[in-house]
Amino acid sequence: MLHPKLIDPKSIVVIGGSDNIHSPGGRVLKNLIDHNFRGELLVVNPKQKMVQGIQSYNNVNEIPKVDVAIVAIAAKYVKESIRILTQQKETKGFIIFSAGFSEKDDTGAKLEHEIVELINGVGGSLLGPNNIGLINKNYAGVFTTPIPKLDTSGVDFISGSGATAVFIIEAAKSMGLTFSSVYTVGNSAQIGVEEVLEYLDNSFNEHKSSKVKLLYIESIKNPIKFLKHTTSLSIKGCKIAAIKAGSSEAGSRAASSHTGAIANSDVFTDALFKKAGIIRCFGRNELITVAGILLQQETKGKNIAIITHAGGPAVMLTDVLSKNGLKIPDLKGKDCDALLNDLFDGSSVTNPIDFLATGTAEQLEIIIDYCENKFNEIDAIAVIFGSPGLTSVNDVYDVLDNKIKSSKKPIYAILPSVVNVQDEIKEFINKGNITFQDEVLFGNALAKVYNHTILKNTKKEDTIISKAQIRKVIEQLPNGFIPSKMAVNLLEHVGIKFAKQFEIKNKEDLQSALSSIKYPVVLKVEGPLHKSDVGGVVLNISNDQELRDNFDKLMLIDGAKSVLIQPMLKGMELFIGAKKESNYPHVVLCGLGGIFVEVLKDISVSMVPVTHNVGLKMISDLKAFPILKGIRGQKGINLDLYAEIIKKISDLLVIAPEIAELDINPLLATDQDIIAVDVRIRIEK
């Protein structure tokens, strides 16, 4: 948790402050002065008595008690300063710009740990080391520029990278995005993204706090804490958009199962964000475009009117919105005819509404009024208006400004002429508006916001009742892949049907089983990781002799321990998998089964716990959903039962978190029933 003095200090000391505003210590001091820090400012600089008009002390020992210390000196001198501040000066807030700690080497990491211990010892809070600081309504404690326009209704922004934070602020400033606060965590030695989220969550005020949060994340050290506070903020009505960088590496056990091959760390990031209600972005411009949309009125429906004086951008915007599930409805009827009479010859009002390059401010106002008051099917309005540089467009942007502030429908201003009318755009932004430069980027972002699933409170569903039996099985198992019989036993404890099977280890077992076998059957070798890869599956065995011959062949496969005999069942092949990675909750995956899992990679993922309704949503999100539902006269599968099995797997994982990997592939599904025919489970205690 962030100490209150770090958020709202009455006094700040800059250790390493100087007159050189091109140095971190000099620039942060200038930012504090220029942006009107109202408390007492102190400086530690052994060579000067005054720095930028502020009294300077030779060393930390000489300063009075102080709430916050901003440290901009070489790493090797930082620890002693922190020791004095914590033990003698009652300092509770620390921002360390200095580099040369855990990001450098083991020696730096040790020094960083010792500094954190000193700060923890007095209940203080540390941002950094190796960060650029923080900005809030109380002070601009950063050594960078620009300082964004601060507004309590702007976005709260948390960044794991100082440089990325600067680039995002620069781009955001050019489109009119405002900020409520900016936190950079650097090495996250004590305070990371999760702790800042915890503060924003616990201090949230429905009437005063920002309802839009932006995150740039390089590491999530505590996914459970991250999930807790992002979920809580979402439930309170906040919208969160985030970039997670560095999540493309393959899972460490990618070869051990179908699930392992698919469920890399990026899958976990996706599942975590979906569970928390976060809109995932993949670049800086996408992030701030999404933020710009979130800061405006919410679109009530998916019908968009596009108003333009340039055909090309309108066509591109129409394409991107249509491909992503939004609608550009045709406008027809007497109101359209009346509107057309108010426009120049050659204009079009079918939607997009094109009022030509010669269109006027008065015509734009008329068109918006029609979209607002006459065209009831329209839910939101996108206006594209640039300039070839021949005339001023101030009057057009004045109309846009007035309409954005008075309209009951959201109006998005796409202003692409960032050179020709840069002064007019700047004035438009200064009036408190947000602009978008690129219609395709805007369209993708609008679709992402519109298609985002809003997090809602859901009632807790009853879980399975065989907890004691499941725990008994798990506790007696060693680490590693468990015997097929035990894996089937676990599935049966949670109520999942499994195909009847015989495990045959030798010819004597086979002879004993013959009288109980009904043909046709399938044989599967037990032992090798991937049965199909080693020729370990034989289908449609129809008599005793075939059974004996193929049993002998399978037992010759390297690593073979036994052979499973199962009835030859029919049905659509499905897949359910699960995986645990580091300190993340389990993820559950579903999709088409058999070889299609890894070939098509058409999977849906959710983080546990998974409810029945979430299971249904996972299934409907699959590209193969029309096939599962039934298409062109072919029967579909029992979707409710598939969702229920997904939920039961989730329940199993909650009861038995030692399950590191689970793979049911395939399940054979009909419109009546679903039966599992192959399962692998790996335990890691």
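Readers should treat all values here as calculations from the given coordinates under stated rules, not as data from a laboratory. These figures come from a predicted structure and were not determined experimentally. We place every Cβ from the backbone using ideal geometry, glycine too, and count neighbours over all the protein chains shown.
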task = Consider the candidate values [x] 37.5; [y] 39.0; [z] 29.2; state which one is mean projected area of the Cα convex hull in nm² computed from the structure displayed.
result = [x]
query = Using the 10 angstrom Cβ neighbour count as an exposure proxy, how do Cys371, Cys238 rank, fewest first?
reply = Cys238, Cys371
query = For Lys505, which lysines qualify as cross-link partners when the Cα separation must be under 25 Å and same-chain residues fewer than eight apart are set aside?
reply = Lys485, Lys497, Lys518, Lys524, Lys531, Lys553, Lys561
task = Return, ordered by residue number, the residues of the range 402-419 whose backbone nitrogen is under 15 Å from a label point located 7 Å along Cα→Cβ of Ala361.
result = 402-404
ask   = Expressed as a whole number of Å, what is the distance separating the alpha-carbon centroids of the range 569-622 and the range 94-122?
value = 42 Å
note = The distance between the Cα centres of the range 463-482 and the range 324-358, in whole Å, is 65 Å
Dipole magnitude of the range 261-374, debye to nearest 20 (Cβ charges: Lys/Arg +1, Asp/Glu -1, about Cα centre) = 720 debye
remark   = Once Val534 and Ile465 are pulled to full extension, the length gained, defined as 0.36 nm per residue separation minus their Cα-Cα distance, is 21.0 nm
inquiry  = I need the trypsin sites (Lys or Arg not before Pro) found in the range 542-579, filtered to DSSP loop residues with at most 15 other beta carbons within 10 Å of theirs.
reply    = Lys561, Lys570
message = Based on DSSP loop calls and a cut-off of at most 13 other Cβ atoms within 10 Å, the longest stretch of the chain free of exposed chymotrypsin sites (Phe, Trp or Tyr not before Pro) is what?
response = 345-685
Degrees, to the nearest 10: 284-294 long Cα axis against longest axis of the chain = 80 degrees
inquiry  = Whole angstrom only: what separates the Cα centroid of the range 521-540 from the Cα centroid of the range 17-46?
reply    = 71 Å
Helix-only CD estimate at 222 nm, as mean residue ellipticity for the chain, using -39500 (n - 2.57) per DSSP H run (n ≥ 4) = -11000 deg cm²/dmol
Value of relative contact order over the range 170-246, rounded to a whole percent, pairs C-alpha under 8 Å and six or more apart = 33 percent
remark   = Most exposed to least, judged by fewest other Cβ atoms within 10 Å, Lys76, Lys92 sort to Lys76, Lys92
Sorted by Cβ neighbour density within 10 Å, fewest at the top, the residues Ser232, Ser159 = Ser232, Ser159
request  = Name the residues whose placed amide hydrogens come within less than 5 Å of the amide hydrogen of Val51, ignoring near sequence neighbours (fewer than 5 apart) on the same chain.
outcome  = Ser56
request  = For the range 100-225, just say rounded, prolate or oblate: build the C-alpha gyration tensor, square-root its eigenvalues into a ≥ b ≥ c, call rounded for a/c under 1.5, and beyond that prolate if a/b exceeds b/c, oblate if not.
outcome  = prolate
inquiry  = Taking 8 Å as the Cα distance limit and 6 or more residues as the minimum spacing, I'd like the relative contact order of the chain as a percentage.
reply    = 9 percent
ask   = Cα axis of helix 439-451 to longest principal axis of the chain: angle in degrees, 0 to 90, nearest 10?
value = 60 degrees
ask   = Expressed as a rounded percentage, what relative contact order does the range 148-294 have, with Cα pairs under 8 Å and six or more residues apart?
value = 24 percent
key: Distance (nanometres) between label positions extended 7 Å along Cα→Cβ at Asp330 and Thr107   = 7.6 nm
note = Counting as exposed only GluC sites (Glu not before Pro) in DSSP loop states with no more than 10 other Cβ atoms inside 10 Å, the longest exposed-site-free span of the chain is 250-685
task = Decide, for the range 304-433, between rounded, prolate and oblate: order the square roots of the alpha carbon gyration tensor eigenvalues as a ≥ b ≥ c, take rounded if a/c falls under 1.5, and otherwise choose prolate if a/b is larger than b/c, else oblate.
result = rounded
message = Multiplying the sequence separation of Asp423 and Ile224 by 0.36 nm and subtracting their Cα-Cα distance, what value in nm do you get?
response = 66.9 nm
Length added when fully stretched, Gln634-Glu598, from 0.36 nm per residue minus Cα-Cα = 10.5 nm
ask   = Taking the simple approach of a point 7 Å from Cα along Cα-to-Cβ for both Asn430 and Gln672, what is their distance in nm?
value = 7.6 nm
ask   = Using a Cα distance threshold of under 16 Å, what count of lysine pairs results for the range 4-130 when pairs must be 8 or more residues apart or interchain?
value = 13
